[in-house]
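Just so it is clear, none of the values below were taken in a lab; they were calculated from the coordinates. Everything numeric in this text was worked out from a predicted model, so none of it was measured. Cβ: placed from backbone, ideal geometry, glycine included. Neighbour counts: every protein chain shown.
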Amino acid sequence: VVIDDDLSPRWPDGKPYPDEFGPFMGDGSPVEVYRFMTNFGLTRSWNHIAELGVELKCDYTVISNNDVIFTPGWFDAIAHALNNGYDVASSITNAPGPTAKGLQDVTAYVPHYKLTDDPGYLALLADKLKPLISSPVEARVNGYCWAAKSPTWQKYAFSTGRAFNPRNEVNSRGQANPTPTMTLMEDEFQHRMYAMGGKSAVCPGSFVFHYRSAWRGDKYKQGKWYRPGST
C-alpha cells in the first residue's frame, strides 16, 4: 500500500496518520508513505502512483481516495473487466458523484440498500453482488476508486494541466471559477483514453463504501450518514 502525501495537513488529533496505520509503519512495513514538499494536486499523486505500479512490476494498480472501505472480494469483478477488454474499471458505491446514468450507484442494483458502514452488512452486500462479477457495464467511471493494469495508467497518463493551483479556485477577475482544475480529472483522463480506442467499465459485482468526507467535510459521525442540509 502506498500513501501519497501531497503536503497534507496533519490529522486532527495531531498525529501524522490514523492509528490503524500504526502497526504497518516503520522498517519492513507493507505501507509506504511518499511525502511531497509542495502541494501540486491530485494529478501528480495519481501519476506518481501509476509510475510506481510499473516500477514495482505490479499486474494492476488501484488508485483510491482515502475515504473508502473495501468489501470482501471487491477486486474480483474489477480483475474480470480488466482481463476482458476494458482499460479502466471501477466499483459501484453509495456515493458515486455524477456518473453516466447513475450506473455506479449501488441503489441501481440493490433497491433496498441500507446506508451503513457496518462490516457485517457490507459482507452480506458483497455476497449478494457476487452473481454480477462477470457483468461489467461499459461507461464513464468516477475516480474515488478505479483500477487498471499498471502499464495502462502510464499509457494514457494524467495531464499536468489538471494540477492543482489554489489560485485556480477564482479566475483572473476574482470571480469563482466554475471549472477549477481540481475537478473533472477522471473525465480528462478518459476523454484521452477514448480518443485512443480505450474503454472503461463499471463493475456491479464490486462494491466499496464511500464516506466522501475528504472532499465534503466531516459528514459521517456516530454511525449516521450526514449530507448537506440534513439533520
_Between Thr38 and Asn84, what is 0.36 nm times their sequence separation minus the Cα-Cα distance? Round to one decimal in nm._
12.7 nm
*For Ser134 and Gln154, compute 0.36 nm times the residue count separating them, minus their Cα-Cα distance, and round to one decimal in nm.*
4.6 nm
*asked:* Please list, by residue number, everything in segment 57-83 whose backbone N is under 16 Å from a paramagnetic label point 7 Å out along Cα→Cβ of Asp127.
replied: 71-74
*Stokes-Einstein diffusion coefficient of segment 119-161, Kirkwood radius over Cα pairs, 4 °C, 1.567 mPa s, in µm²/s*: 96
